[in-house]
1. Yes or no: residue 36 at pLDDT below 95, open to solvent by 10 Å² or more (accessible area, probe 1.4 Å), under 17 Å from residue 306 (Cβ atoms) and of a type in the set (D, E, K, R)?
2. Scan the stretch 196-210 residue by residue and report those that are more than 19 Å from residue 178 (Cβ to Cβ) and either surrounded by fewer than 16 Cβ atoms within 10 Å (Cβ to Cβ) or among the hydrophobic types (A, V, I, L, M, F, W, C) (or both).
3. Residues 213, 224: which one is open to solvent by 50 Å² or more (accessible area, probe 1.4 Å), over 17 Å from residue 148 (Cβ atoms), aliphatic (A, V, I, L, M) and free of Cβ contacts under 8 Å to residues at least 60 places away in the same chain?
4. Can you tell me which residue within the stretch 291-304, out of those that are open to solvent by 10 Å² or more (accessible area, probe 1.4 Å) and either charged (D, E, K, R) or touching a Pro at 6+ places or on another chain (Cβ under 8 Å) (or both), is farthest from residue 98 (Cα to Cα)?
5. Looking at 337, 330, can you tell me which residue is touching a helix residue (DSSP H, G or I) at 6+ places or on another chain (Cβ under 8 Å), under 27 Å from residue 281 (Cβ atoms) and either surrounded by fewer than 22 Cβ atoms within 10 Å (Cβ to Cβ) or of a type in the set (Ser, Thr, Tyr) (or both)?
6. If you go through the stretch 340-360, how many residues are assigned to a helix (DSSP H, G or I) and open to solvent by 60 Å² or more (accessible area, probe 1.4 Å)?
7. Looking at the structure I just gave you, is residue 291 touching a residue at least 40 places away in the same chain (Cβ under 8 Å) and either closer than 25 Å to residue 233 by Cβ or not in a strand (DSSP E or B) (or both)?
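The values are calculated or read from the model by the stated rules, or taken from the named source; none is laboratory data. What you are looking at is a predicted structure, and each value in this text was computed from that prediction instead of being measured. FYI the Cβ positions are ideal-geometry reconstructions off the backbone, even for glycines, and counts take in every protein chain you see. The accessibility values were calculated without ligands, DNA or RNA, using every heavy atom of the protein model including side chains. Shrake-Rupley method; radii C 1.70, N 1.55, O 1.52, S 1.80 Å.
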Amino acid sequence: MKTIILAGGGHTHLSILKQLTKSNNNDTKWIMVSSDDYQYYSGMFSGYIEGLYSLEDIRIHLPSLAAKANCEFHQGSVDSIDPSQKIISVNGQRFSYDYLSLDIGSHTTNPAIPGLNKELTRLKPAHTFPDHITDLHVSRQTAVIGGGAAACEMALSLAAWKRKHQRKYDQISLIYSGALLQKHGSKAQKTMHRLMKENSIKLYEGERAKKIVSKKIVTANRTVIPFDQLLYLGGAYPPEILRKSGLPVDEKGFLEVNGMLQSPDFPSIFGAGDCITMTTHPEMEKNGVHAVKQGEVLWHNLNAAVTKEPLRDYHPQKNSLAILSTGSQKGLLLWGKTSLYGSLPWQLKNYIDRNFMKKYQ
């Protein structure tokens with residue numbers, strides 16, 4: 001009997017578990033390992049921080065889902081991966097595999113900014129984020145580094161919570177080196193600038209965080225920005241375990257996989273979600289849309305690898321739909337350079353997110 005280990009409980013592996021619940025294949029042993037019993041859906045973090053969702057609304061109990069899929073579940077962090085011997089270590093316990101799939105996500109940090117790791121309020125790993133919500137709610141000065149979709153959404157959602165709870169003297173600052181929503185066109189940028197102004201969020205445009213010292217951000221322009229709580233949403237950073245284990249990684253440290261989501265150097269290893277870079281599509285964004293869509297291809301390829309059948313390629317779509325929750329049950333829909341703001345985008349986002357969670361809860 002062949003053994004397939006699913007390391008991580010990310011979006012792609014959730015879809016694998018769902019496929020397993022419908023599968024009659026008893027010739028393969030499936031094992032999932034995850035650092036937490038719950039998978040928290042990051043797409044609903046903004047609604048959670050605003051108070052629109054409860055903790056149970058945004059999380060999936062992995063052991064229960066694994067049990068329905070006849071998949072063995074082990075809670076623990078991956079300590080090491082030996083790709084030659086096909087062994088992983090989880091909290092000191094060793095597991096042998098025939099095929100390993102990595103969906104272990106990414107981190108929101110940046111080692112190039114001295115002092116950041118010490119002061120950071122962490123969004124990832126996702127299971128640690130709910131513990132920090134109260135700190136963000138009561139923070140007098142919250143700084144968010146980043147000017148992309150995630151940074152804008154989090155700043156506006158936090159501002160909406162503070163507005164509801166009469167914390168009008170709390171200050172939220174956004175620090176970013178480029179332009180707001182730089183990839184999404186002038187209309188989306190103008191809308192976001194207006195929303196930031198309406199929510200009294202202080203913008204530090206064209207400022208790059210250089211170091212963090214004594215609860216202060218010091219930028220490359222020597223601007224000093226004080227904070228009580230600090231969020232970094234300036235891009236994903238790879239789990240160090242990938243490089244440490246000698247796996248082939250790109251210049252940043254993300255696992256390199258080919259179009260079939262397979263390591264070119266170690267064909268027994270597959271990867272998906274935020275922890276990978278596809279050599280065929282190196283510029284592909286690391287977001288939940290791609291992670292979900294990779295599920296069907298990964299499911300086929302893991303089974304095909306066992307039975308020695310042809311593998312399939314994953315072909316990412318050119319544009320992916322993003323809907324940002326901007327507070328007060330309004331949203332900003334982004335599709336390439338097209339954007340739409342109002343209540344309807346938020347209602348669509350809420351519908352999509354809740355339906356996604358219903359499939360797994």
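1. Working: at pLDDT below 95: yes; open to solvent by 10 Å² or more (accessible area, probe 1.4 Å): yes; under 17 Å from residue 306 (Cβ atoms): no; of a type in the set (D, E, K, R): yes.
No: the conditions fail for residue 36.
2. Let us first name the residues in the stretch 196-210 that are more than 19 Å from residue 178 (Cβ to Cβ), namely 198-200.
The answer is 198, 200.
3. Numbers: 213 fails: free of Cβ contacts under 8 Å to residues at least 60 places away in the same chain.
After applying the criteria, what remains is 224.
4. By that ranking, first place goes to 293.
5. On the way: 330 fails: under 27 Å from residue 281 (Cβ atoms).
Within the list 337, 330, the selection yields 337.
6. Our first condition is that a residue be assigned to a helix (DSSP H, G or I); within the stretch 340-360, this holds for 343-358.
From what is left, the residues that are open to solvent by 60 Å² or more (accessible area, probe 1.4 Å) are 344, 347-348, 351-352, 354, 358.
Matching residues across the stretch 340-360 total 7.
7. Numbers: touching a residue at least 40 places away in the same chain (Cβ under 8 Å): yes; either closer than 25 Å to residue 233 by Cβ or not in a strand (DSSP E or B) (or both): yes.
Answer is yes for this residue.
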